[in-house]
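The values are calculated or read from the model by the stated rules, or taken from the named source; none is laboratory data. For clarity, every value in this text was computed on a predicted model and none was experimentally measured. Note that each Cβ is placed from the backbone with ideal geometry, even for glycine, and that neighbours are counted across all protein chains shown. Ligands, DNA and RNA are stripped out before the accessible areas are found, and what is left, the full protein with its side chains, is counted by its heavy atoms. Shrake-Rupley method; radii C 1.70, N 1.55, O 1.52, S 1.80 Å.
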Amino acid sequence: MAVVRMAVRVPSLLLVAVVVFTVETSTVFGVGRVDAVVFYPGLESWHLTGSRTGPHSLAWAAGVDDKASAFLTYGPYVSPPPAPGLYKVEFSLMVDNATADNVEVLKLDVHDAGVDLVLTELVVTRRMFTNANTLQNFTLWFSLPTTTSSLAPRVARGATTAAAVVAAQPSSLEFRVFYSCCALVTHAQTTLLGPGDVPTMPSFWNNQSHFAFVSQQRFPTAPGQEFGANVGFHFVTRPEAWYLFHREYAFSPQPSYCKFDYARLVVLTSTNRGLSWSNKTVIATPVPNTSTECALVDGAGFFDEDAGVWHYLSQCLDRNHVWNLCHFQRAGPDPLGPFVPNPHNPVVRSGQLWSRICNGTGKHCTPGTGEEGTPEIVAKINGWFYITFHGWDPTAVTSARGVAKTRDFVSWTVEDGGATLPGDAIFSHTDCDPWDVPGGWANGRCVGGGEGTMLYSPHDNYFYHLIEAPDLSLGCLTTPGKQNWVLGLLRSKSLAAPSGQWQQFAVEATVIPAVKQGCYIQYHRLFADVADGQVYLEFWADNWMQLFRLVPGGAALPIIAGPPPENQ
């Protein structure tokens, strides 16, 4: 049994506000037993609107005649912090009308009052309640690090006082319910469960965990301006912050010689695990008469711990309108500033790698494959950077994803006798043809793979590969009902495994769109937080970047990518 040891600050006459008991965790954290701590808001004094209600006055409620935009419940100031691990908070809530509209009625969060840091939050709209006048549980998950140092830098980056930096370990937890407006809402109780083990990719593979919604974001170039093309997301988590890289359009007038795209690269930071993001910093922008004069788009960042250098590898476009790959770097641990272009840019010209990978018999890619794109720097192993990328053959109407390695982003190795590279595609139509997609593949087959994201799991030594697979074309056919565009999950213990030798997930089309439409789902990422090992999934769907956290407990599959919860 994992014991939660804590002191809860409550008025002397209200000590019954806290009830501690032990529960089985087979449906909560998978195995074992944990303590559950229940708080009854009607027996607490932390309220800025509403009044006591319900049997024995244990609950607290607010309606349209009460003060809006105020905390229905805050506190109870759990201190010292509970043991490290994963925690589940359940808010038992009720609304009087679940259908009138879909306005925000509440916002729930877990807040460390000691350093004014929100650990997780959820906006609750009226229609997120299934029924009116019926209690419903809303769940938040959060994790506490094993050491003070693993969280302190993130607090320090956003701290305004020295005291906040010193007190960076969560020390005074609140489970807050903020009343927005427009409904009669009741808060019956809050239950804290934990700690439990942070789930890993092997547990998802065995359907013992699932991805729970965390947040949604858009990144307009300026308020009210372009946001739909500002995608191509890539996350790098560091001890001090998360960094989110993406492309940006409509930042200045487009030169006449750039007939198609005109885009630059930016980076943002988050110190609260993706709940909110800083203002953008430009890291690379088009420069006339260079290989990057028209566009810098989809790519990936990577911090080389050994050298103390940031790398960024992206697709790049000049006035010849051929997509190549360009490399940039920045010395030091801080990526917030200009990256220096590689003097050898473009470091990969269209077809440069694929022509070598696909040469020979028995390959899972066609000789006409080119347009190396959506690169991801997967790992640095023994001095080699391993990069995956897609390719497209418009004549054969096939696509694939491959892997190569480099020490300097100038010289590239695509084959090493099978030691670490397959000398072949790692994903092709061979892998996705058997997938069960809604209505079946057009023409009976997929075209192959496009953008992919890999996460190495030290828990079972597998590389987990989540990759998009369309039919008809690798281009986006956005007429509803015309094109399948799904994400599938595979794994292998070696990057040298060619297409056809990666293990398929039980539900092969792992993420499917709510609307059958090309590019309804795109720019997905699997990544882990270096602070606590928590695994996250991100994808762009319904014109929102949506972030999900891996939490205990199996769930129905496939994952349906649709509007974020508060937009449904």
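Of the accessible area of region 465-568, with the probe set at 1.4 angstrom, what percent is carbon plus sulfur?
Carbon with sulfur: 51 percent of the solvent-accessible area.
How are the C-alpha pair distances of the chain spread across 20 Å bins, as whole percents from the shortest bin up?
20, 52, 25, 3, 0
For region 61-77, take each phi angle, set θ = phi - 60°, evaluate the Karplus expression 6.51 cos²θ - 1.76 cosθ + 1.60, and give the result in whole Hz per residue in order, putting x for glycine and proline.
These are the phi-based 3J(HN,Hα) values: 9, 9, x, 5, 8, 8, 4, 8, 6, 8, 6, 5, 8, 9, x, x, 6 Hz.
Report the Cα centroid-to-centroid distance between region 552-568 and region 425-485 in angstrom, as an integer.
Spelled out, the Cα-based centre of one part sits 19 Å from the other.
If you place +1 on the Cβ of every Lys and Arg, -1 on the Cβ of every Asp and Glu, and leave all else neutral, what size is the dipole of the chain about its Cα centre, to the nearest 20 Debye? Intermediate results must be reported in sequence, preceding the final value.
Numbers: 35 positive and 47 negative charges, 51 e Å.
Using Cβ point charges on Lys, Arg, Asp and Glu, the chain gives about 240 debye.
Rounded to the nearest whole Å², what accessible area per residue is found for region 453-568 with the 1.4 Å probe?
Solvent-accessible surface per residue comes out at 32 Å².
Accessible area per residue, 1.4 Å probe, Å², for region 248-303: what's the number?
37
Please give the per residue volume of the convex hull enclosing the alpha carbon atoms of region 433-507, rounded to a whole number of Å³.
Per residue, the Cα convex hull of region 433-507 comes to 97 Å³.
For region 242-315, divide the Cα radius of gyration by the Kirkwood radius and give the resulting Rg/Rh value with two decimals.
1.03
Starting from the coordinates of the alpha-carbon atoms of region 508-560, obtain the Kirkwood hydrodynamic radius over all distinct pairs and give the value in Å to one decimal. Intermediate results must be reported in sequence, preceding the final value.
Values: mean 1/r = 0.0813 Å⁻¹.
That comes to 12.3 Å for region 508-560.
Percent of accessible area on region 171-240 owned by carbon and sulfur, 1.4 Å probe?
51
Given the peptides 49-55, 541-547, 89-95, arrange them by the average over their residues of other C-beta atoms within 10 Å, most packed first. Working shown, then result.
Numbers: 49-55: 16.0, 541-547: 20.4, 89-95: 22.1.
So the order, starting with the most tightly packed, is 89-95, 541-547, 49-55.
If only Cα atoms are counted, what is the Rg of region 445-568, and what is its Dmax, in Å?
Rg then Dmax for region 445-568, in Å: 14.7, 43.
Ignoring ligands, DNA and RNA, what accessible area per residue does region 338-391 give at 1.4 Å, in Å²? The partial results should precede the final answer.
On the way: 2290 Å² over 54 residues.
The answer is 42 Å² per residue.
More than 18 angstrom separation, counting every C-alpha pair in region 191-281; what % is that?
Everything past 18 Å amounts to 60 percent.
Taking +1 at the Cβ of each Lys and Arg and -1 at the Cβ of each Asp and Glu, which of HIS524, GLY450, ALA241 sits farthest along the dipole of the chain towards its positive end, judged by Cα position relative to the Cα centre?
ALA241
Highest first, please rank the peptides 558-564, 56-62 by the mean number of other Cβ atoms sitting within 10 Å of their residues. Before the final figure, lay out each step's value.
On the way: 558-564: 17.4, 56-62: 20.0.
Result, highest mean Cβ count within 10 Å first: 56-62, 558-564.
Anything over 25 Å Cα to Cα? Flag those among LYS363/LYS405; LYS88/LYS516; LYS405/LYS482; LYS363/LYS493, in the order listed.
Working: LYS363/LYS405 19 Å; LYS88/LYS516 34 Å; LYS405/LYS482 37 Å; LYS363/LYS493 21 Å.
Pairs exceeding the cut-off: LYS88/LYS516; LYS405/LYS482.
Roughly to the nearest percent, how much of the accessible area of region 290-347 is carbon and sulfur, given a 1.4 Å probe?
Answer for region 290-347: carbon and sulfur cover 55 percent of the accessible area.
Taking the alpha carbon gyration tensor of region 482-524, what are the square roots of 5 times its eigenvalues, largest first, to the nearest whole Å? Numbers along the way, then the final one.
Working: eigenvalues 121, 21, 15 Å².
Here the semi-axes work out to 25, 10, 9 Å.
Among GLY554, CYS358, PRO255, which residue has its Cα positioned farthest towards the positive end of the charge dipole of the chain, with +1 placed on the Cβ of Lys and Arg, -1 on the Cβ of Asp and Glu, and the dipole taken about the Cα centre?
Of GLY554, CYS358, PRO255, it is PRO255.
Give, as a single signed number, the net charge of other residues whose beta carbon lies under 15 Å from the beta carbon of VAL198, with Lys and Arg counted +1 and Asp and Glu -1.
After counting each charged neighbour, the total is -1.
Grab the eigenvalues of the alpha-carbon gyration tensor for region 300-428, scale each by 5, take roots, and send me the semi-axes largest first in whole angstrom.
For region 300-428, the ellipsoid semi-axes come out as 26, 18, 10 Å.
Could you grab the Rg to Rh ratio for region 397-440? Cα atoms only, Kirkwood for Rh. Can you show the working numbers first?
Values: Rg = 14.5 Å, Rh = 12.6 Å.
Radius of gyration relative to Kirkwood radius: 1.16.
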